[in-house]
Amino acid sequence: MTYQVTKLTCALIALSVCSPVRAQQRAQLNCQGAMGDVPSVLAGVRIYSPYNSLGDGYVKFAGQVSAGGIQGRIMYEGYTATAPFSGVITTPQGVLRIGVLDNTGGEFIIYEGTPKLGAPQTLGRFVCRWE
């Protein structure tokens, strides 16, 4: 009996050491920056779900953005390997398609999300506190 328990314990330890951790990572982002030339704030929850040992994963974000007295909801998602992430900002004035790079050199960058030739137009830049 002792031999079987020891064998089982060794097998469980080997599995836990050799298996990659696949837990979701949740972060609260609180950001300050600008949309255009207007001081702005952005806050929300980012969920990262890894899918391989290289650090690639799937990101989902939902939050609020406020710029120049206009408030809206911001949502985006996508795979890290194919960033920028696709999303939308929804305000009472309408819906704006966006592309987001949420951790580029410490910056959260919002781009125009409609496909076109040439580089995308930067709509906003933020510095975020990740909690």
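Laboratory data are not the source of any read-out in this text; all were calculated from the coordinates shown. No experiment lies behind these values; they were computed from the predicted model shown. Positions of Cβ are generated from backbone atoms using ideal geometry, with glycine treated the same way; all protein chains shown enter the neighbour counts.
Could you rank the peptides 60-66, 116-122 by their average count of other C-beta atoms within 10 Å per residue, with the highest value first? Working shown, then result.
On the way: 60-66: 17.6, 116-122: 9.3.
The densest-packed peptide leads the list: 60-66, 116-122.
Counting only the Cα atoms, the stretch 31-131 fills a convex hull of 105 Å³ per residue.
Assigning unit charges at the beta carbon (Lys, Arg +1; Asp, Glu -1) and nothing else, what dipole magnitude in debye, to the nearest 20, does the stretch 49-131 show about its Cα centre?
Numbers: 6 positive and 6 negative charges, 44 e Å.
The calculated dipole for the stretch 49-131 is roughly 200 debye.
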